[in-house]
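Here is the structure we will look at.
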Amino acid sequence: LALVLLLILSRFVIKGGLAGAAVYMVYDQGLLGSGVQGAEALKKAQEALPPAIQEWTNYFGWEVRSLPPTPKFDFSPSNSWNKGVQTVMSALSVAPTRACECTVEGWKYVKELVK
């Protein structure tokens, strides 16, 4: 029993440590900041990807004659973030009205069943 508890506890600690490290890394790279910081982080990732792939292929001894160019993203994190916030706020603003409508329809349905 003690061994099982130790195993469960160690798995929890390892998973918690990995999750904490992932959150710290995301925070450290600026992905939790403003849209401008997110765009800068995306730009840095696009610049760092080809050399990293070349380094790994050299490390493993794979021969890669030419890498395809990295895809160019026409993506604005700040615009996407703003669109997401607007969508969520719109859904939250109509939620009480929709809830009332669903409640009225539900009561009508129950009354029809009881008749």
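Considering the alpha-carbon set of the stretch 22-66 alone, what are its Rg and its Dmax in angstrom?
Here Rg and the maximum Cα pair distance are 14.1, 40 Å.
Output ³J(HN,Hα) for the stretch 32-48: one whole-Hz value per residue in order, computed from phi by the Karplus curve 6.51 cos²θ - 1.76 cosθ + 1.60 with θ = phi - 60°, and x for Gly and Pro.
9, x, 6, x, 5, 5, x, 5, 5, 5, 5, 5, 4, 5, 5, 6, 8
Among the aspartates and glutamates, select those whose C-alpha is under 17 Å from the C-alpha of Lys72, and discard any that sit fewer than 8 residues away in the same chain.
Those aspartates and glutamates meeting the cut-off are Glu40, Glu47.
Each value in this text was obtained by applying a stated rule to the coordinates, not by laboratory testing. Computed from a predicted structure; not experimentally measured.
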